[in-house]
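Beneath this line is the structure, given in structure tokens, with notes to follow.
The values are calculated or read from the model by the stated rules, or taken from the named source; none is laboratory data. Model, not experiment: these values are computed from the prediction. Cβ placement follows ideal geometry from the backbone for every residue including glycine, while neighbour counts extend to all protein chains displayed. Just so you know, the surface numbers come from the protein's heavy atoms only, side chains and all, with ligands and any DNA or RNA stripped out. Shrake-Rupley method; radii C 1.70, N 1.55, O 1.52, S 1.80 Å.
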Amino acid sequence: MGSKCCKSEPDNDDLEKERKRKLLLAKQRQIARMKAAGKIQAWWRGTLVRRTLLAAALRAWMIQYWWRTVLWKKLYMRRQNSLKIYIIQEQAAVKLQSWVRMWQCHQRYCQVCNAVCILQAPKSCFTFQTSDVSQAQYGGAFNQPEFHIEILSI
């Protein structure tokens, strides 16, 4: 009986050790599963966050694109308006200069016309008082106007 007794104890110890070992393996598997589940959950949360950030970045990019387009259109309109104002001012300056030149030409034309009218007047209109000194100096009577031009070189 003694031998059976001794044999039963090691069997119980072996069974107990085997049971403990199985419990330990089950705990290790449970811990490994928990770690794996934690890693999967972390990966999924990261995926969701990246997806959310990507959507937010895309929306921000769209808003920035729209705003830049609005600013570009405003700048374009401002440039167009400045160009229109410049063209109007240039055309007004050219027209004013043209009118001034026309007025100056008209004034010169009127002066020439007046001079021609004076020169074409009948001889009776030109009455010169001659003195004996001027007749002796120039040798004759004055019946036509005389012009003397002196050219001076500077």
Margin query: Using the Karplus curve 6.51 cos²θ - 1.76 cosθ + 1.60 with θ = phi - 60°, what ³J(HN,Hα) values do you get for each residue of segment 11-27, in whole Hz, with x for Gly and Pro?
Written below: 5, 5, 5, 5, 5, 5, 5, 5, 5, 5, 5, 5, 4, 5, 5, 5, 5
Check: Hey, any idea what % of segment 22-100's accessible area is carbon plus sulfur with a 1.4 Å probe?
Finding: 68 percent
Check: What is the extension gain from TYR76 to GLN91, computed as 0.36 nm multiplied by their sequence separation minus the C-alpha to C-alpha distance, in nm to one decimal?
Finding: 3.2 nm
Check: Taking K and R as +1 and D and E as -1, what net charge do the other residues with C-beta under 13 Å from the C-beta of ALA42 add up to?
Finding: +4
Item checked: Whole-Hz ³J(HN,Hα) from phi, Karplus 6.51 cos²θ - 1.76 cosθ + 1.60, for segment 112-119, glycine and proline x -> 5, 4, 5, 5, 5, 4, 5, 6
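Could you please report the charge total around ARG19, scoring K, R as +1 and D, E as -1 over all other residues with beta-carbon less than 14 angstrom from its beta-carbon?
Details: positive: LYS17, LYS20, ARG21, LYS22, LYS27; negative: ASP11, ASP13, ASP14, GLU16, GLU18.
Spelling it out: positives minus negatives among the neighbours equals 0.
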Checklist line | Estimated distance in nm for a label pair at LEU58 and ILE118, the labels positioned 7 Å out from Cα along Cα-to-Cβ | finding: 9.1 nm
